[in-house]
Every structure is written in C-alpha cells, then in structure tokens.
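First comes the structure, then the notes that go with it.
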Amino acid sequence: MTEPERAAERPTATLGTVRDSYGTWAPTYIELFGAADKASADDRAVIGGWAGTLRGAVLDAGCGPGHWSAFLAAAGLEVRGVDATPEFVAHARREHPDIPFRLGDLRHLRLPAGSLGGVLAWFSLIHTDPAEVPAVLRAFAQALEPDGGLLLGFFTGPALERFEHRVVTAWTWPMHCIADAVEEAGFDVLGTGSAPTPNGRIAAHLVARRAR
C-alpha cells in the first residue's frame, strides 16, 4: 500500500463539503485573495517565471475567483479556468469576461489528449483525498503536450497528514511523496521550493514537465 493510500484510509472532506465550505467563505476569500497583487511577491515570481516557459493553452485547475488566470492571461497566455465552487466561477466570469471559466471536478475533467501547454494547480489539490491525487496528476499529464509544464502549489511537512485548514480539512505532503507521485504520473520534476507562512505551515511549490 502506498503512502497516499494509507493516508486516505482516514476520513477526508468530500467534494460537496469542500464546495459548500468555499461557497460560504467566498466573499471573504475574494476580498483577501481575489487579485494577484494581493498574493506575495514570491508567489507572483514563481508563477510568472513558470509562465514564461510555456507555449500553448494553459489550464488554471482549481482557479478559485480567477486571479491567477488573469495573471497568466496578462502574461500573454491563452488561459481557461475550472473550479468546483459556483460562487468562484460566477465571480471569475464577471471580473474576467475574456477568459473562459467553467464548473468542474478536477478528478473528472476529461481533457483532450495533448491539448494543453501548461497546467497550474496552485493549492487546488490540498483538499483532495491523497489516494485520488495520482489519478488527477495522470489526467494532467495526458492532457499536456510533450514537455508541457505543470506547476503545483501545496503545503509540505514531514508526514502526509490532515490538518484543519481555515476553510475545510486539507493535507500536507512530504516533498519526496508529492515528487514521487508526479514522476509516476508521467512527469520529470524540474525543481521545488518552500517557505514558511505566517500561521506556521510551510507553503511549497513543484515545477515539472511532461516526460516525452
């Protein structure tokens, strides 16, 4: 049994719970985080640097209110966004009418093979059952053209374990564990980074490209 499978034996939040929790919290979330300039300079540098390596269409997977979709579009990329929370998608469509946004479950996107140049999943898998994350990563890989880029944002720590996120239960992933899952899904890992957050957790990112 893999580490994600063992972790997933413990109860986790359902999609409905995550969707409803973010729907309730959406006005506050949008006020606090609903524009890229409200994010840290480090986050903008990581995402902006990654964007500069891409060609082709980019999927903002778990786009929230659309702030990173708009950031990527401003960098000259063709972007589309998907999120499971109706309140976020409605806001994104109002604020960024030139970008297509749709409701969707990241576990069931059914994306055309080789249709994307990049996938951004910026802290959008943190509530996903660890046993289901490998399948999501495989779907991302299948949708990317060879050498297409993946950027993940997540929380890291010494163990794959649940914690009480301010919205709904989330997971920390050891860096080696998420890197192994990414590689097994069909990617080459290019780099990682991490930094402490004000609440004491460690925010991390991982950059990968689809293996040929």
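The values are calculated or read from the model by the stated rules, or taken from the named source; none is laboratory data. Please read all numbers here as calculations on a predicted model, not as lab measurements. All Cβ positions, glycine included, derive from the backbone under ideal geometry; neighbour counts span all protein chains shown.
Restricting the range 78-115 to residues that are of a type in the set (A, V, I, L, M) and touching a Lys or Arg at 6+ places or on another chain (Cβ under 9 Å), the residue that is nearest to His205 (Cα to Cα) is Val82. Restricting the range 185-200 to residues that are hydroxyl-bearing (Ser, Thr, Tyr) and part of a strand (DSSP E or B) leaves a set whose member that is surrounded by the most Cβ atoms within 10 Å (Cβ to Cβ) is Thr192.
In the set Phe154, Phe140, only one residue is in a strand (DSSP E or B) and more than 17 Å from Gly34 (Cα to Cα); that residue is Phe154. Considering the range 78-91, and only residues there that are crowded, with 19+ Cβ neighbours inside 10 Å and not charged (D, E, K, R), the residue that is farthest from the chain's Cα centre (by Cα) turns out to be His91.
Among the candidates His165, His127, the residue that is in contact (Cβ under 8 Å) with a residue 60 or more places away in the chain, part of a loop (DSSP other than H, G, I, E, B) and farther than 19 Å from Ile47 by Cβ is uniquely His127. Residues of the range 137-152 that are touching a helix residue (DSSP H, G or I) at 6+ places or on another chain (Cβ under 8 Å) and in contact (Cβ under 8 Å) with a residue 60 or more places away in the chain: Gly149, Leu150, Leu151. For Val182, indicate whether it is crowded, with 16+ Cβ neighbours inside 10 Å, assigned to a loop (DSSP other than H, G, I, E, B), in contact (Cβ under 8 Å) with a residue 40 or more places away in the chain and out of contact with any Pro (no Cβ under 7 Å at 6 or more places or on another chain). For Val182, the condition - crowded, with 16+ Cβ neighbours inside 10 Å, assigned to a loop (DSSP other than H, G, I, E, B), in contact (Cβ under 8 Å) with a residue 40 or more places away in the chain and out of contact with any Pro (no Cβ under 7 Å at 6 or more places or on another chain) - is not met.
Among the residues making up the range 45-69, those that are assigned to a loop (DSSP other than H, G, I, E, B) and either in contact (Cβ under 8 Å) with a residue 24 or more places away in the chain or under 18 Å from Pro100 (Cα atoms) (or both) are Thr53, Leu54, Arg55, Gly56, Ala57, Gly62, Cys63, Gly64, Pro65, Gly66.
Among the residues of the range 92-105, at least one is modelled with pLDDT of 95 or more, part of a helix (DSSP H, G or I), surrounded by 14 or more Cβ atoms within 10 Å (Cβ to Cβ) and not basic (Lys, Arg).
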